[in-house]
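Here the structure is laid out as structure tokens; the discussion comes afterwards.
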Amino acid sequence: MNTLHIDFISDVSCPWCAIGLNGLLQAIQQLQREAPGSFQLTLNFLPFELNPDMPPGGQDITEHLTQKYGSTPEQQAQIRVTIAQRGAEVGFAFATEGRGRIYNTFHAHRLLHWAGLQGMAEQLTLKQALLTACHTQRQAMDDRDVLLRCVQEAGLDTAEAQALLDDGRHAEDVREAEAMVADAGIRAVPAVVVNRKHLISGGQPVANYVEALRGIAARG
């Protein structure tokens with residue numbers, strides 16, 4: 001049996017990460033249907049902050065994208081259409097009007113680290129809840145009430161999560177993981193690292209993920 005250990009490096013505020021994750025999950029399901037029991041899979045989420053210096057309350061998304069990339073509102077609107085179409089292809093619904101504002105996601109990453117200590121399924125479920133809150137529901141991702149609702153939706157212990165947010169737990173773990181990702185040369189997300197040596201960059205179509213994972217699994 002071949003092993004596929006997948007590190008999915010991403011930020012909650014990244015729409016292409018939502019597309020990439022749904023595409024990757026569909027690719028995994030396809031491979032499992034093709035060859036049941038032929039490989040063992042582990043999926044782990046590693047943190048990447050697109051805007052680590054974003055102040056509380058965030059920033060208007062149009063203003064932010066114009067400052068960061070020099071894009072016009074018209075260009076951004078067209079990109080939103082493309083993102084919505086790509087999302088629909090993999091079953092992820094984006095708000096038609098976009099996110100509205102963009103926020104710091106450090107505390108979301110702390111919660112994801114905590115969920116990962118409980119198990120792969122728990123971390124994945126929380127990740128999906130956070131992505132939906134951000135991109136479908138347009139929620140403030142630096143708001144502790146929003147984060148705790150995501151924890152509750154994921155079926156995790158909200159009292160423990162609240163205590164974690166209060167006491168600063170896992171802050172250093174997240175910083176260390178971010179430093180490791182930076183040291184590995186990852187500068188953009190999503191980045192999918194398989195078996196700690198094969199990199200798949202960007203929110204790829206399902207077929208691309210299938211081809212890449214099939215090839216890696218075949219090589220052992």
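The table for this structure:
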quantity	calculated
Counted residues, the stretch 155-166 - those being assigned to a helix (DSSP H, G or I) and among the acidic types (D, E)	2
Pairs, first among the polar types (S, T, N, Q) in the stretch 156-180, second in a helix (DSSP H, G or I) and open to solvent by 40 Å² or more (accessible area, probe 1.4 Å), C-beta under 6 Å, six or more apart	T158/Q152
Looking only at the stretch 124-134, and only at residues there that are open to solvent by 30 Å² or more (accessible area, probe 1.4 Å) and free of Cβ contacts under 8 Å to residues at least 60 places away in the same chain, the one that is nearest to N104 (Cα to Cα)	T132
Qualifying positions in the stretch 1-59 - part of a loop (DSSP other than H, G, I, E, B), among the polar types (S, T, N, Q) and over 18 Å from G87 (Cβ atoms)	S38, N51
Residues (loosely packed, with under 13 Cβ neighbours inside 10 Å and not basic (K, R)) located in the stretch 21-40	Q29, E34, A35, P36, G37, S38, Q40
Count of the stretch 90-121 residues which are assigned to a helix (DSSP H, G or I), in contact with a helix residue (DSSP H, G or I) (Cβ under 8 Å, 6 or more places away or on another chain) and open to solvent by 70 Å² or more (accessible area, probe 1.4 Å)	1
Qualifying residue in the stretch 135-154 (condition: part of a helix (DSSP H, G or I), in contact with a helix residue (DSSP H, G or I) (Cβ under 9 Å, 6 or more places away or on another chain), open to solvent by less than 50 Å² (accessible area, probe 1.4 Å) and closer than 28 Å to A207 by Cα)	yes
The stretch 65-75, residues that are surrounded by fewer than 17 Cβ atoms within 10 Å (Cβ to Cβ) and in a helix (DSSP H, G or I)	T66, Q67, K68, Y69, P73, E74, Q75
Any hit, the stretch 28-37, residues being in contact with a Gly (Cβ under 6 Å, 6 or more places away or on another chain) and hydrophobic (A, V, I, L, M, F, W, C)	no
Test: residue in the stretch 174-184 that is closer than 14 Å to C17 by Cα, part of a loop (DSSP other than H, G, I, E, B) and open to solvent by 30 Å² or more (accessible area, probe 1.4 Å)	no
Selected residue (criterion: farthest from the chain's Cα centre (by Cα)) from residues of the stretch 185-206 that are more than 16 Å from N44 (Cα to Cα) and free of Cβ contacts under 8 Å to residues at least 12 places away in the same chain	G185
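The values are calculated or read from the model by the stated rules, or taken from the named source; none is laboratory data. Note that the structure is predicted; figures quoted are calculated from it, not measured. Every residue, glycine as well, gets a Cβ built from its backbone with ideal geometry; the counts of neighbours run over all protein chains shown. Just the protein is used for accessible areas: all its heavy atoms, side chains included, with ligands, DNA and RNA removed. Shrake-Rupley method; radii C 1.70, N 1.55, O 1.52, S 1.80 Å.
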